[in-house]
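Following: one structure in structure tokens, then a few remarks.
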Amino acid sequence: MTLFRALARAGTSLFFDAIEIEGAPPADGPLLVVANHTNGLVDGLVITAAIQRRVSLTAKSTLKKNPLLAAIIWLADAVPLYRRQDAVDVAKNLDSFAAVRARLAGGGAVCIFPEGQSHSDASMREFKTGAARIALGCRGIGLKIVPVGLEYDAKQRFRSSVIVRFGDAIDADAFDDIHALTNELEARVGQLATQFRSVREMLWLRWTAELLATNAENPRPLDRESSTFAARAKRIAELRDAYERANRDDVVDLVAELRAYRRELRRLGIAPHEVWLSMHPLQALFFTIRELELLLAGGAIAAIGAVQHGLAFLADRVVTKKTSIDLDHWASNAIFYGFALFPLVTILGIAIVAALAGWRWALLYALAAPFTLVYSIRWSERIARAARRARTFFTFLVHRGLQRELQRRGRALIDAISRA
């Protein structure tokens, strides 16, 4: 495993709660990976982590202006691409395309994003012809093209989820027209990445799927609370298709009520599935004992993790907030600055422990650092969910009748959605 691939796996595993992979590309032979582009540099990291072979990335040439990104691009051995909107000499793309073809001719794998620019649109942008030009320039070597759909739960949110869908391989030799191949690639990738007419439509369909997933039942215990993002994404796609077939005038009132219900839950700080929380005293007692046990038993390890990594988390968050302009900058900045901040803070901690207690304790500190980092993240997530559920319980306990009213509205919406 290359150093860059190890970094990609570490960075994406820490930032995302789950990376769910569907399908697989060919294990060997020349391979051109073609994907949609919605989350900046993270898209390349996710694909690198998901593919079980070395893959070369392509990146816009202007990224090299940032010293940290330049170092990462060097580690990735990425091929620079020159875009007209960056006011650079696009003629240099001749050399870049030649470098890509050379890697493919050598049996390697290369990833390219034909949209040309990362974005936060509800649907894909029109594909540029670069991928097709590269592929048709490699005729006769047995090149396979694999379409990939990347779909993020909430791409800018720490510990969210992402799906990587690999489609069926395309034989590049079956095409001889650049535009025909470009259209085929755009269609194939579009089938793998759920698309919407607008961001507003995407959001309210996701909220609808979240409400339907509650099944109007008591929520699961916290350790079995989350369903896979793939299951939720499938439901969202089904809702989108149903919405496309529906008469918009017939569902306008339903959409308005759904938004109002969602706003009310957010104002109260209540998750949709916790509207159905059991208020039985024995269940509440069992919940309290179980979560307090976790809080006390894991608190010491989590505290050590906070001491070891708290400064890095804080610095990473501050830098990410200051440097992120668009939604597709957040995850990229958080992960890439983390590549520098976390090792630096860990090395500083090792030096301090060595100076105060000697190298044996410093070695123990270094060996414990990866474990305490992962543990403190997972412990904090669990405690945050427990606190949210406890807050919901007391909200319903204090405001008599609130839960009954929210459940009534929730059931009415679920029934109306099912009818629509």
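No value in this document is a laboratory result; all are computed from the given coordinates. The shown structure was predicted, so the numbers you read here are calculated from the model rather than taken from an experiment. So basically every Cβ, Gly included, is an ideal-geometry build from the backbone, and we count neighbours across all protein chains shown.
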Interchain or sequence-distant (5+) residues whose placed amide H lies within less than 5 Å of the amide H of residue 141 are none
Among (1) 83, 58, 13; (2) 40, 33, 17; (3) 61, 42, 22, the value of semi-axes √(5λ) of the Cα gyration tensor in Å computed for this structure carries the label (2)
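How big is Rg to Rh over the stretch 327-394, alpha-carbon atoms, Rh as the Kirkwood inverse-mean-distance radius?
1.16
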The Cα extents of the stretch 90-187 along the principal axes, largest first and rounded to whole Å, are 42, 31, 25
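Enumerate the helices in the chain for which the Kyte-Doolittle hydropathy averages 0.5 or more and the C-alpha atoms extend at least 27 Å along the helix's axis, using complete DSSP H runs.
Working: long enough: 248-268 (30 Å, -0.69); 281-323 (48 Å, 0.85); 327-357 (44 Å, 1.62); 359-398 (55 Å, 0.41).
Within the chain the helices that satisfy the rule are 281-323, 327-357.
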Once residue 263 and residue 238 are pulled to full extension, the length gained, defined as 0.36 nm per residue separation minus their Cα-Cα distance, is 6.6 nm
Listed residues 124, 202, 279; largest mean-square fluctuation, Gaussian network over the chain with Cα springs below 10 Å, found at 279
For residue 111, the residues 5 or more places away or on another chain with a placed amide H closer than 5 Å to its own amide H are 33, 56, 57, 58
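By count of other Cβ within 10 Å, fewest leading, how are 265, 363 ordered?
363, 265
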Sorted by chain and number, the residues with a modelled amide H under 5 Å from that of residue 170, at a separation of 5 or more or across chains, are 145, 146
With 0.36 nm assigned to each residue of separation and the Cα-Cα distance removed, residue 391 to residue 68 gains 112.1 nm
Per-residue Cβ contact counts at 10 Å, fewest first, order 293, 151 as 293, 151
Contact order relative to length for the chain, counting C-alpha pairs under 8 Å separated by 6 or more residues, stands in percent at 18 percent
Over 30 Å (Cα to Cα) among 60/155; 60/321; 234/321 -> 234/321
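Full-extension gain between residue 317 and residue 293, please, as 0.36 nm times their residue separation minus the C-alpha to C-alpha distance.
Numbers: separation 24, 0.36 × 24 = 8.64 nm, distance 3.00 nm.
Computed gain between residue 317 and residue 293 is 5.6 nm.
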Rounded to 0.05, the calculated FRET efficiency for the beta carbons of residue 400 and residue 215 at R₀ = 41 Å is 0.95
For residue 247, placing the label point 7 angstrom along Cα-to-beta-carbon and taking the stretch 401-415, residues whose amide nitrogen sits under 20 Å are 415
When 65, 234, 321, 128 are arranged by how many other beta-carbons sit within 10 Å of their Cβ, fewest first, they go 65, 321, 234, 128
Note on the stretch 281-398: contact order normalised by length, alpha-carbon pairs under 8 Å, 6 or more apart, percent, works out to 33 percent
Loop-resident trypsin sites (Lys or Arg not before Pro) in the stretch 144-225 with no more than 13 other Cβ atoms inside 10 Å, DSSP not H/G/I/E/B, are 197
